[in-house]
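J.: For reference, the structure I am asking about is given below.
The values are calculated or read from the model by the stated rules, or taken from the named source; none is laboratory data. Remember, predicted model here, so these are calculated numbers, not experimental data. As a convention, Cβ positions derive from the backbone with ideal geometry for all residues, glycine included, and neighbour counts pool all protein chains shown. Accessible surface areas use protein heavy atoms only, side chains included; no ligands, DNA or RNA. Shrake-Rupley method; radii C 1.70, N 1.55, O 1.52, S 1.80 Å.
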Amino acid sequence: LEGLTQFGSHVFVNVGGRFDHWQNYAALSATRPVSAQNPTTVTLFPDRHESAFSPYASIVYRFNEQLSLITSITRAFRAPTLNELYRSFRVGNVLTLANENLRAERLIGAEVGLRLNSSNSKLALRGSFFWNDITRPVANVTLSTTPSLITRQRQNLGSTSSRGLELLTDVKL
């Protein structure tokens, strides 16, 4: 759902949101050994589901043809991938275990900036400050270390923040 509204000739507002529901069902992992002497092992995983609502809003205030103020706020998610949930793998002496209990990452973000256009529209400059917080980010966590094997597992961690300044230039020749 999305809506765009203009108030006069200076203010533009865009609001929207989406609802997502996802589920994994009848998941299983089958391990077939190279030698026929050992039987295939099958691990069954419980069905799982999550839902998320992701709203956003942005406002552009045009002071004049050359200068605009831009602001936005959003909330979003990233569901864990099937590989992160169910597929373990090994590279060299590093074994990375899957984690069927991972939950979706959640993001809250905001941005504020200015856009400056030249009078002939051949040059545009934009600078914005952004702020993003992610809760439950998925990362590989080391569980044990021996001389011959490092064992890691994908896990949800507490939170991470990213703040910064973005500068863009558009030139039309």
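J.: Could you tell me whether any residue of the stretch 123-141 is surrounded by 14 or more Cβ atoms within 10 Å (Cβ to Cβ), touching a Phe, Trp or Tyr at 6+ places or on another chain (Cβ under 6 Å) and not polar (S, T, N, Q)?
T.: no
J.: Looking at the stretch 89-96, can you tell me whether even one residue there is open to solvent by 50 Å² or more (accessible area, probe 1.4 Å), of a type in the set (G, A, S) and at negative phi?
T.: The answer is no, given that none of the residues of the stretch 89-96 is open to solvent by 50 Å² or more (accessible area, probe 1.4 Å), of a type in the set (G, A, S) and at negative phi.
J.: Let me spell it out: the conditions are (1) hydroxyl-bearing (S, T, Y); (2) modelled with pLDDT of 95 or more; (3) within 16 Å of the chain's Cα centre (by Cα), and S51 meets all of them except one. Which number is the exception?
T.: (2)
J.: I would also like to ask the following. So which of S148, S144, S128 is of a type outside the set (D, E) and either within 30 Å of S68 (Cβ to Cβ) or in contact with a Pro (Cβ under 9 Å, 6 or more places away or on another chain) (or both)?
T.: Details: S148 fails: either within 30 Å of S68 (Cβ to Cβ) or in contact with a Pro (Cβ under 9 Å, 6 or more places away or on another chain) (or both); S144 fails: either within 30 Å of S68 (Cβ to Cβ) or in contact with a Pro (Cβ under 9 Å, 6 or more places away or on another chain) (or both).
That would be S128, the only listed residue that is of a type outside the set (D, E) and either within 30 Å of S68 (Cβ to Cβ) or in contact with a Pro (Cβ under 9 Å, 6 or more places away or on another chain) (or both).
J.: Another question, if that's okay. Restricting attention to the stretch 106-125, which residues are hydrophobic (A, V, I, L, M, F, W, C) and in contact with a Ser or Thr (Cβ under 6 Å, 6 or more places away or on another chain)?
T.: If we filter the stretch 106-125 for residues that are hydrophobic (A, V, I, L, M, F, W, C), which is where we start, we get 107-108, 110, 112, 114, 116, 123-125.
Answer for the stretch 106-125, where residues must be hydrophobic (A, V, I, L, M, F, W, C) and in contact with a Ser or Thr (Cβ under 6 Å, 6 or more places away or on another chain): V112, L125.
J.: Okay, next question. Could you count how many residues in the stretch 59-88 are over 19 Å from the mean Cα position of the chain (by Cα), more than 30 Å from G3 (Cα to Cα) and surrounded by fewer than 15 Cβ atoms within 10 Å (Cβ to Cβ)?
T.: Filtering the stretch 59-88 down to residues over 19 Å from the mean Cα position of the chain (by Cα) leaves 59-71, 86-88.
Within this subset, residues satisfying the condition of being more than 30 Å from G3 (Cα to Cα) are 86-88.
Filter once more, keeping what is surrounded by fewer than 15 Cβ atoms within 10 Å (Cβ to Cβ): 87.
Qualifying residue count for the region: 1.
J.: Something else now. Tell me, which strands (runs of 3 or more DSSP E) wholly within the stretch 1-47 include 1 or more residues that are open to solvent by less than 50 Å² (accessible area, probe 1.4 Å) and more than 30 Å from F63 (Cα to Cα)? Let's see the steps before the verdict.
T.: Details: elements: 2-7, 11-24, 28-31, 41-44.
Once the strands (runs of 3 or more DSSP E) in the stretch 1-47 are filtered for at least 1 residues that are open to solvent by less than 50 Å² (accessible area, probe 1.4 Å) and more than 30 Å from F63 (Cα to Cα), what remains is 11-24, 28-31.
J.: Continuing with this model, one more query. Just for strands (runs of 3 or more DSSP E) wholly inside the stretch 74-173: which have at least 2 residues that are out of contact with any helix residue (DSSP H, G or I) (no Cβ under 8 Å at 6 or more places or on another chain), without any contact (Cβ under 8 Å) to a residue 60 or more places away in the chain and among the acidic types (D, E)?
T.: On the way: elements: 89-91, 94-97, 105-117, 123-135, 138-145, 150-156, 159-171.
Here the list reads 105-117, 159-171.
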